[in-house]
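Have a look at the structure below before the remarks.
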Amino acid sequence: MATLHKLLKEVDSIVKEIYDQQLEAEVHRKEEYDAAVRIQSWYRGIRTRSLVKNLNRCAIRIQRHYRGFMGRRRIRAILIDSVKRMCLDHYNKQAAQIQKMWRGFYVRKYVFDYYSRKKYLESLVAKNEMIRSELAEQEEAMRREARKREEEETRRRLRAWAERHHYLVSTVVQPSVFNSPYRPFTLPEETLLLNTRPKTPPKVASVGHGFDPSWRQYGQNQLMVRLPSKLPPLPAKPQGPFRQPEEVRAQRYREFQPSLRVATDYEAVKRAREQWRAEEWAGRLYDDEFKPTKALREKAYQPLMHTASEYGHLAYGNAHFREVQPERHVTQDRFRTIVPPVPVFDKLNAEYVEGYVEN
Amino acid sequence: MSQRQVLQVFEQYQKARTQFVQTVAELATRPQNIETLQNAGVMSLLRPLLLDIVPTIQQTAALALGRLANYNDELAEAVVKGDILPQLVYSLAEQNRFYKKAAAFVLRAVAKHSPELAQAVVDCGALDALVICLEEFDPGVKESAAWALGYIARHSAELAQSVVDAGAVPLLVLCVQEPDLSLKRIAASALSDISKHSPELAQTVVDAGAIAHLAQMVLNPDAKLKRQVFSALAQMAKHSVDLAEMVVEAEIFPAVLTCLKDPDEYVRKNCATLIREVAKHTPELSQLIVNAGGVAAMVDFVGDSRGNVRLPGVMMLGYVAAHSENLAMAIIVSRGVLGLDAVLQTEPEDHIQAAAAWSLGQIGRHSPEHAKSVAQANVLPKLLRAYLRPDVSEDLQIKSKKALKHILQKCVHLEALEPLLQEAPPNILKHVVAQFSKVLPHNPKSRRLFVTSGGLKKIQEIRAEPGSALAEYINTINNCYPEEIVKYYSPGYSDALLERIENYLPQV
């Protein structure tokens, strides 16, 4: 009971203490609650975080492994690809090298051969020189010929002039224009005139006399009756026994005695016929021809078979030289010959067909 | 009156007619009399004399008519209007050879003036009669008939076709083979006139075998004949490749080259025309001519001749060079560029200069080698001058500009390009500067030369619109040099330097 009493004495203090403690605890309840919540939340946080971290780690591990796997796979593919490409490049390069060599060779040999072109140009220059020299030679020859012809022409002209102007030559008494006393020298025309033989003007043939056989002298000037007394000079060679000069002269200057046939005009018969016809016509009274019998008078006109033929009238001769009328031929085929073909014609005449005759 | 007296009257009348017609024919040879004769009404007097019974009077009347019609086209029209032609054509078939010659002369004199008169001649049925005359034996008749046919065919393709349809061509080819020289000339000229219009006509002439006979006459000594022969061959060869090849197959080369030195200038001109027509079709034909030495002969021809005569030669060189660069090099090697340069310099006529410019352009445009050879002959300044002269024809301007452009686009020979920097107008300058901008970045020696020769200075002086091609090229060139050098040569640099003096504070 002492204890109880003690205790009862202390009850107030204990109750007060209890109240004080409760009050304190009440005061600190929120704090302690907050602190406890904080500790719990920290702890929960740790746990959750570590769980999540673990999960993350696992996931990352899985992803890492997976990515490595895919990456390696891709790299492998890329590697294979690049190796293939490298090989192809290599082959391409080698092929290009072959093609390069071939193309260079081909172009240099067949398309543009520098050395052969150089040689060609050099030979062209040489050929040009040759042609130039040849042409120059020919031109020179042509010029020479032309000059010669010109000179010949001038000489001929001067000679013709001199032959016609012989009267201009100077005489002893009267000096000519070309030999003028006022000039210190004679002109070359003077020498030219002196050196050329003058040409007499041509004899105009006498017109109008028809051929008369009774004329005794023919081909001679009618005014010149006298015959020359001297014969022309003999050539140098030795001559035999000579006839009498009168005989020779008579023989030489014998009159022309043409026969009647020679003497007749060529057209004489024709003219005579026409004259007779004209005279007969002029003297005729009746133009109708006399036919003795009735049969002759009333004979019907019978045309020639030649003209009445149904195949048409073939003109006498052809209308013109080398006329052909292929539409009137019996057939368009050509004739065959029995003569063998001439090989020369093949060369010369391209139209000649072997074995056939030309139309 | 007795018969004799009656006949005497007729004889007197006949003598009078003969004398009249012969005097008129003689007077008609002089041009000053023809006006008087026309005013005196000679046409109406001559017409009945054509129907005279005496053959001499007929022939002389026809001759007089021919001479009158020959003089001018009014008289020829009077002949046509007077219905004389049908009578002539009719009697062409009947009469003797003198009359035929005279009648063919009248037809030719009428037909030569204009296509309408030639058509009138054809409408009278003259062609058949003339073709029949071509079959005569007398060479004079054949010559007159061939001459008339040639004059008819000369005017137009239709008339030539009608001549061919009348069957004249084989007979003309036969006439060409005759020994008579004037007949050969006329027949060759007629063939030339027929074949010049169209390829079909030329083919007809070739089919008649004309080429072989014409080719045989190429070395004939007569100059006029050679003129016609070459003209005929040229007209045939110009239409197509096949015809040109057929002409060449007649083996005229190299004999034709000797005719390039003939003393007669028209022979030379026609010969050059023939070679040009053959060369222009294909490279193979040009190669054939070059291998026969044709280029050397042609260059000599161009050097020796003057004026219009050398125009075909100049064009031939251009055609040959245009085909391939091989042939252009062959021309350069044969001294063709010097020859063409001489033409460009010395010829007064614009069209020949234009042809020379064109040919030079064809030679130089193939490769830098060719352009260099052309530029080294000092041709570019001349072309530029030809382009810039104010009084030249448009043709020459266009051709020289094109030639310049072609050559400049391939020219890398810088010494030849520098003179052009000064004088060229902007459209040419851009090509010149383009070439510089191509060469300078790669060649240090040429860069140095460019600066020392004053080229860089000139470049700086060029004003170009920014963004144009010229500005780009100038930029490229400026980038080849360090900045100081570029600034040094730019215009106004000395002024800029002087200005710096003003702003400079002297350091004491």
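Taking residues in the stretch B:117-137 that are more than 17 Å from B:Cys175 (Cβ to Cβ) and away from chain A (no Cβ under 14 Å), and partners anywhere that are surrounded by fewer than 19 Cβ atoms within 10 Å (Cβ to Cβ) and of a type outside the set (A, V, I, L, M, F, W, C), the pairs with Cβ atoms closer than 7 Å and at least 6 places apart or on different chains are B:Leu117/B:Asp73; B:Leu117/B:Glu77; B:Val122/B:Ser162; B:Cys124/B:Pro86.
Taken over the stretch B:118-147, the residue count meeting the criterion of being assigned to a helix (DSSP H, G or I), within 11 Å of B:Lys101 (Cα to Cα) and among the charged types (D, E, K, R) is 2. Residue under question is A:Arg243, and the condition is that it be basic (Lys, Arg) and under 30 Å from B:Ser2 (Cβ atoms); does it hold? Judged against the criteria, A:Arg243 is not a match. Screening A:Ala95 on (1) at pLDDT 90 or above; (2) small (Gly, Ala, Ser); (3) closer than 30 Å to B:Phe301 by Cα shows it passes everything except condition (3). If you go through the stretch B:298-311 and keep only what is surrounded by 24 or more Cβ atoms within 10 Å (Cβ to Cβ) and farther than 18 Å from A:Glu129 by Cα, you end up with just B:Arg310. For the stretch B:474-508, the set of residues classified as farther than 30 Å from B:Gln435 by Cα and not in a loop (DSSP other than H, G, I, E, B) consists of B:Asp495, B:Ala496, B:Leu497, B:Leu498, B:Glu499, B:Arg500, B:Ile501, B:Glu502, B:Asn503, listed by residue number.
For the stretch B:219-259, residues that are of a type outside the set (Lys, Arg), within 14 Å of chain A (Cβ to nearest Cβ) and crowded, with 23+ Cβ neighbours inside 10 Å total 3. Within the stretch B:278-287, one or more residues are assigned to a helix (DSSP H, G or I), within 11 Å of chain A (Cβ to nearest Cβ) and at negative phi. Checking each residue of the stretch B:497-507 against the condition of being within 22 Å of B:Glu423 (Cα to Cα) and free of Cβ contacts under 8 Å to residues at least 40 places away in the same chain gives no match. B:Gly150 passes every criterion in (1) over 24 Å from B:Ala210 (Cα atoms); (2) crowded, with 24+ Cβ neighbours inside 10 Å apart from (1). Would it be correct to say that B:Arg17 is over 21 Å from B:Val110 (Cβ atoms), not β-branched (Val, Ile, Thr) and not assigned by TED's automatic domain parsing to the domain that holds B:Lys101? Considered against the rule, which asks whether it is over 21 Å from B:Val110 (Cβ atoms), not β-branched (Val, Ile, Thr) and not assigned by TED's automatic domain parsing to the domain that holds B:Lys101, B:Arg17 comes out as no. Within the set A:Ala136, A:Ala96, A:Ala126, the sole residue that is part of a helix (DSSP H, G or I) and more than 36 Å from the chain's Cα centre (by Cα) turns out to be A:Ala96.
Quick one: count up the residues across the stretch B:465-497 that are in contact with a Pro (Cβ under 8 Å, 6 or more places away or on another chain) and either of a type in the set (D, E, K, R) or under 19 Å from B:Pro426 (Cα atoms) (or both). Residues in the stretch B:465-497 being in contact with a Pro (Cβ under 8 Å, 6 or more places away or on another chain) and either of a type in the set (D, E, K, R) or under 19 Å from B:Pro426 (Cα atoms) (or both): 2 in total.
Pairs linking a residue in the stretch A:2-23 that is surrounded by 12 or more Cβ atoms within 10 Å (Cβ to Cβ) to a residue that is of a type outside the set (D, E, K, R), with Cβ atoms under 8 Å and 6 or more positions apart or on different chains, are A:Ile14/A:Leu7. Counting only residues that are within 14 Å of another protein chain (Cβ to nearest Cβ) and either aromatic (Phe, Trp, Tyr) or in contact with a helix residue (DSSP H, G or I) (Cβ under 6 Å, 6 or more places away or on another chain) (or both), the stretch A:122-177 holds 8 of them.
Residue-level check: of (1) part of a loop (DSSP other than H, G, I, E, B); (2) among the hydrophobic types (A, V, I, L, M, F, W, C); (3) at pLDDT 80 or above, A:Val324 misses just (3).
Would you check if there is a residue in the stretch B:26-37 being modelled with pLDDT of 90 or more and touching a Gly at 6+ places or on another chain (Cβ under 9 Å)? Yes, some residue in the stretch B:26-37 is modelled with pLDDT of 90 or more and touching a Gly at 6+ places or on another chain (Cβ under 9 Å).
Restricting B:Ala296, B:Ala292 to those that are of a type in the set (A, V, I, L, M, F, W, C) and touching a Pro at 6+ places or on another chain (Cβ under 8 Å) reduces the list to B:Ala292. Out of all the residues in the stretch B:447-463, is one or more part of a loop (DSSP other than H, G, I, E, B), of a type in the set (D, E, K, R) and closer than 21 Å to B:Pro482 by Cα? Yes, there is a match, as at least one residue in the stretch B:447-463 is part of a loop (DSSP other than H, G, I, E, B), of a type in the set (D, E, K, R) and closer than 21 Å to B:Pro482 by Cα. Just one of (1) part of a helix (DSSP H, G or I); (2) surrounded by fewer than 24 Cβ atoms within 10 Å (Cβ to Cβ); (3) within 13 Å of chain A (Cβ to nearest Cβ); (4) over 14 Å from the mean Cα position of the chain (by Cα) fails for B:Val267. It is (4). Scanning the stretch A:110-122 for residues that are at pLDDT below 90, in a helix (DSSP H, G or I) and surrounded by 11 or more Cβ atoms within 10 Å (Cβ to Cβ) turns up A:Ser116, A:Arg117.
A:Leu296 meets each of the listed conditions (1) at pLDDT below 70; (2) not in a loop (DSSP other than H, G, I, E, B) apart from (1). If only residues of the stretch B:1-18 that are within 60 Å of the chain's Cα centre (by Cα) and loosely packed, with under 12 Cβ neighbours inside 10 Å are counted, the one that is nearest to the other protein chains (Cβ to nearest Cβ) is B:Phe10. Filter the stretch B:338-367 down to residues that are closer than 21 Å to B:Lys405 by Cβ and within 14 Å of chain A (Cβ to nearest Cβ) and give me whichever is farthest from the chain's Cα centre (by Cα). Ranking the qualifying residues of the stretch B:338-367, first place goes to B:Ser367. Please verify whether B:Val295 is within 14 Å of chain A (Cβ to nearest Cβ) and buried (at least 24 other Cβ atoms within 10 Å of the Cβ), treating the condition exactly as stated. Yes, satisfied.
The values are calculated or read from the model by the stated rules, or taken from the named source; none is laboratory data. Given the structure is predicted, the values throughout are model-derived calculations rather than measurements. So basically every Cβ, Gly included, is an ideal-geometry build from the backbone, and we count neighbours across all protein chains shown.
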